[in-house]
């Protein structure tokens with residue numbers, strides 16, 4: 001999934017975020033990357049679980065505090081399906097636990113365009 005000007009491969013993305021305005025901001029930021037293709041969005045734990053089982057993606061943006069559950073509880077399913085993921089949180093207290101997962105990286109809310117760009121440019 002590495003990014004170069006010569007890399008036309010699309011990255012199929014799922015967004016797990018329960019706050020509509022954060023999801024909209026993330027969608028807008030990601031729209032500036034022509035190789036990103038958002039296949040689905042989930043705003044609850046159960047919706048996220050179902051989408052992860054039904055629609056294969058390459059990368060998931062995973063909010064930690066979501067309605068109906070905890071994003072950390074989805075990590076095993078994400079890793080089992082061999083999906084790369086980036087953790088999104090507004091709370092620095094979750095960063096230590098995030099560091100114990102196989103997440104590619106993490107984003108603090110509000111998401112910075114520069115930080116997002118840096119992460120996407122480092123994708124394997």
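Below is a table of values for the structure above.
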quantity: Filter result (over 12 Å from the mean Cα position of the chain (by Cα) and either under 20 Å from residue 81 (Cβ atoms) or modelled with pLDDT of 95 or more (or both)) within the range 1-12; calculated: 1, 9, 10
quantity: Out of 15, 28, 39, sole residue that is part of a strand (DSSP E or B), at pLDDT 95 or above and surrounded by fewer than 17 Cβ atoms within 10 Å (Cβ to Cβ); calculated: 39
quantity: Flag for residue 84 being closer than 17 Å to residue 122 by Cα and out of contact with any strand residue (DSSP E or B) (no Cβ under 9 Å at 6 or more places or on another chain); calculated: no
quantity: Answer from 78, 87 - the residue that is modelled with pLDDT of 90 or more, outside any strand (DSSP E or B) and either crowded, with 17+ Cβ neighbours inside 10 Å or touching a helix residue (DSSP H, G or I) at 6+ places or on another chain (Cβ under 7 Å) (or both); calculated: 78
quantity: Residue in the range 50-65 that is in a loop (DSSP other than H, G, I, E, B), modelled with pLDDT under 95 and surrounded by 18 or more Cβ atoms within 10 Å (Cβ to Cβ) present; calculated: yes
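The values are calculated or read from the model by the stated rules, or taken from the named source; none is laboratory data. Computed from a prediction, not measured in an experiment: that's the story for all the values here. For neighbour counting, all protein chains shown are included, and Cβ atoms are generated from backbone atoms with ideal geometry for every residue, glycine included.
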